[in-house]
Amino acid sequence: MEAKPCSKSIALKTTHVLPPDTNAYGTLFGGKLMAHLDDIAGIAAVKHAKNPVVTASTDSVDFLAPVKVGHYISIEAFVTWTHHTSMEVFSKAITEDIVTGERQVCTTAFMTFVAVDSDGKPVPVSPVYPESDHEKMLHESAPLRAKRREERRKNSKELAKTFGTKYVME
């Protein structure tokens, strides 16, 4: 498969933060922000894979700045690294006070997606290559993040096995 540049997968989304999207403190629900990240990162993955994708994992999401009601949030995402059927996608969310123009990065995240066919079976994806210095930095550090994800997934499987399917109250 022919390699593609990271820039071919860039996806962008801007949305207005409205009262139903916020908590009692007037800031965006963390889960709502995570849904936006998953949405736009998934679009970036589809743009690269040219196939449907499923979310395989989300690395830690740190909320760096509050997103207030009435502000806008802009999210950009692009594929930084690929494996056989999976893609690592970097996302950055920026909150902006539309009145003052003040902008802050409110979160960054890495998510992993797997390309699938119409039966939901994994399919190979094209390699990706970086062009900019930022893309090169993310691309070069991706194998370490992939190794950490593999270890985390192994630990998660062990926890699932240990705790099983019974509820605590059973």
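Worth a mention:
- Normalised by 2.2 N^0.38 Å, where N is the number of residues, the C-alpha radius of gyration of the stretch 4-163 stands at 1.10.
- Value of [θ]222 nm, deg cm²/dmol, for the chain, DSSP H segments ≥ 4, -39500 (n - 2.57) each, nearest 500: -10500 deg cm²/dmol
- 14 Å beta-carbon shell around Ala77, net charge (K/R +1, D/E -1): -2
- Taking other C-beta atoms within 10 Å as the exposure proxy, Met34, Met137 rank Met137, Met34 from fewest upward.
- Relative contact order (percent, whole number), the chain, Cα cutoff 8 Å, 6+ residue spacing: 26
- Pairs from the list Lys92/Lys147; Lys13/Lys92; Lys8/Lys50; Lys121/Lys154; Lys121/Lys147 with a Cα-Cα gap above 18 Å: Lys92/Lys147; Lys121/Lys154; Lys121/Lys147.
None of the figures in this text is laboratory data; all of them are computed from the coordinates on show. Remember, predicted model here, so these are calculated numbers, not experimental data. Here Cβ is always computed from backbone atoms with ideal geometry, including for glycine, and neighbour counts include all displayed protein chains.
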